[in-house]
1. Tilt of helix 24-36 relative to the longest C-alpha principal axis of the chain, in degrees (0 to 90, nearest 10)?
2. Once the Cα atoms of helix 58-70 and of the chain are each reduced to a long axis, what angle between those two axes, in degrees from 0 to 90 to the nearest 10, is obtained?
3. With a/c under 1.5 counting as rounded, go ahead and sort the chain into rounded, prolate or oblate using the C-alpha gyration tensor (a ≥ b ≥ c being the square roots of the eigenvalues; past the cut-off, prolate if a/b is larger than b/c, else oblate).
4. Could you please rank 57, 50, placing first whichever residue has the fewest other Cβ atoms within 10 Å of its Cβ?
5. Sticking with the crude label model, points 7 Å out along Cα→Cβ, report the distance from residue 64 to residue 9 in nm, one decimal please.
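Laboratory data are not the source of any read-out in this text; all were calculated from the coordinates shown. Quantities reported herein were computed from a predicted structural model and do not represent experimental measurements. Here the Cβ is made from the backbone with ideal geometry for all residues, glycine too, and neighbour counts use every protein chain on show.
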């Protein structure tokens, strides 16, 4: 959602890390995972790329943002709850 809100501006791992209060390595791993999943494009230096959302996913992400804004509690529970039987 953060990348969508700032589109079309690119994000680097250090910039995302600062915004999310995680290490640049952790932010870079997430960005690279999203790139490999087809949600982001990478540009620039291969050792420190900038990432952008893919334009063709704009409608899908807009729908997701709408659902997130109207079902925040349910989505938060879905993300953070453990499956039955998990400890």
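1. For helix 24-36, the angle is close to 90 degrees.
2. Approximately 40 degrees, to the nearest ten.
3. oblate
4. 57, 50
5. 2.0
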